Structure formats: structure tokens, C-alpha cells
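Engineer: Got a structure for you, written out below as C-alpha cells; questions coming shortly.
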Amino acid sequence: MSRPAPPTVTRFDLSRYLGTWYEIARLPMRYEPPDYTDVSATYSLEADGSVRVQNRAYDGKGELQESIGQARPLDASDDSRLEVTFLPEGLRWIPFTKGDYWVLRVDTDYRTALVGSPDYTFLWLLHREATLDATTRDAFLATARGLGYDLSKLIQTPHTGRRTA
């Protein structure tokens, strides 16, 4: 049985979303091993209107890892639904190599965000700082649960104080 895709933020302001975010929690994904710590994502606007995505984290050996990608809105009238690719620039034309990055909730100050995929497989809780108070964290995760995301395998991202951004 398929479910309808989750709703995204209305009147989303991509320019306010740009900058650095720290991953507070995530659902498991093969591109980000469970032992990664200090995960950050920095978004910046490119001259062509796309968004540069710089993900950084420390791996289990304590080595800094980085991936650079590109995001574009799926629809010119809705910046809250993006597709992201981390393929090298010359290969980004290949079909079926982009992932969905949908902003499901963001607070009014653009300090905390919940991002997921429309197939309910991927989910990230992000904050402008490496720590997030439990009340806000629980409220955003309740939103995810209410939308239908299974949080039983949620990974709380450790932050050790090492800078990635």
C-alpha cells in the first residue's frame, strides 16, 4: 500500500535556509555510516541558481570526510522540495541519481528543520548549532512520527566539539 507524500513547508524561504546546519538525528542511510560524528551541512547559492551542498563529518577513524553536491528545486514555485546529487559535476546528467530532500518543517527563525524523503526512507533533524534542547527535538520528532516516519532506527548524531563547518 503506498502512502501519499508528506506535505512540505509552505512559503519556504530558501535564502533564509542557506548557511550551516548541524545534524542532530537521522534515519540510517548507506552514504552516512552510523559511526559518523560532528555532521554538518552548509548550503550556499550558486550563480546558476542551484544550491551548493557541502556535507562534512568525522568517520570512525577520526578522519574528516567531505562530500560536495548540488541541489535544485523540483518545481520553480516550491523551494521546499529539492533534489540533490553528489555525483561529480560531469556525471550529474545521468538519470535516477538524484535524491529527494524535502523540508517538512522549519521553525519561524530558521534555526531548526526537519527534512525527509517523500518515500519515508530518509529523515534528518537539523539545527543551527550542534546541540538542541530536548523539548524542541521531541516536538520536531513528533512531527515526523505524525507524518508517518518510522523512528525506531533513529540515530542520534554525536557531536564531540570538533569543528566541521
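Engineer: Can you name every residue in the range 35-50 that is among the charged types (D, E, K, R) and crowded, with 16+ Cβ neighbours inside 10 Å? Please lay out each step first, then the result.
Structural biologist: If we filter the range 35-50 for residues that are among the charged types (D, E, K, R), which is where we start, we get 35, 38, 46, 48.
Selection gives Asp38 alone.
Engineer: Could you check the range 5-21 and list, in sequence order, the residues that are assigned to a loop (DSSP other than H, G, I, E, B), among the β-branched types (Val, Ile, Thr) and either touching a strand residue (DSSP E or B) at 6+ places or on another chain (Cβ under 6 Å) or on the phi > 0 side of the Ramachandran plot (or both)?
Structural biologist: Taking the range 5-21 and keeping what is assigned to a loop (DSSP other than H, G, I, E, B), we get 5-13, 18.
Next, from what is left, pick out any that are among the β-branched types (Val, Ile, Thr): 8-10.
Residues satisfying the conditions are Thr8, Val9.
Engineer: Select from the range 51-68 the residues that are surrounded by 16 or more Cβ atoms within 10 Å (Cβ to Cβ) and out of contact with any helix residue (DSSP H, G or I) (no Cβ under 8 Å at 6 or more places or on another chain) and write down the one among them that is nearest to Gly99 (Cα to Cα). Full working, then the answer.
Structural biologist: Here is the first cut: in the range 51-68, the ones surrounded by 16 or more Cβ atoms within 10 Å (Cβ to Cβ) are 51, 53-58.
With out of contact with any helix residue (DSSP H, G or I) (no Cβ under 8 Å at 6 or more places or on another chain) added as a condition, the list becomes 53-58.
Details: Val53: 13, Gln54: 15, Asn55: 14, Arg56: 18, Ala57: 19, Tyr58: 22 Å.
Taking the candidates together, the pick is Val53.
Engineer: If you don't mind, another one. From (1) at pLDDT 95 or above; (2) surrounded by 13 or more Cβ atoms within 10 Å (Cβ to Cβ); (3) part of a loop (DSSP other than H, G, I, E, B), pick out the condition that doesn't hold for Arg137.
Structural biologist: (3)
Engineer: If a residue has to be loosely packed, with under 12 Cβ neighbours inside 10 Å and either touching a strand residue (DSSP E or B) at 6+ places or on another chain (Cβ under 9 Å) or at pLDDT below 95 (or both) to count, how many in the range 140-165 make the cut?
Structural biologist: Residues flagged as loosely packed, with under 12 Cβ neighbours inside 10 Å and either touching a strand residue (DSSP E or B) at 6+ places or on another chain (Cβ under 9 Å) or at pLDDT below 95 (or both) within the range 140-165 amount to 4.
Engineer: What pairs come out if I take residues in the range 2-21 that are more than 16 Å from Pro118 (Cα to Cα) and pair them with residues that are surrounded by fewer than 16 Cβ atoms within 10 Å (Cβ to Cβ) and among the charged types (D, E, K, R) whose C-beta lies under 7 Å away, six or more apart or interchain?
Structural biologist: Final answer for the pair search is Trp21/Arg128.
The values are calculated or read from the model by the stated rules, or taken from the named source; none is laboratory data. Quick caveat, the model's predicted, so the values are computed rather than measured. Using ideal geometry, Cβ is built from the backbone for each residue, glycine included, and neighbour counts are taken over all protein chains shown.
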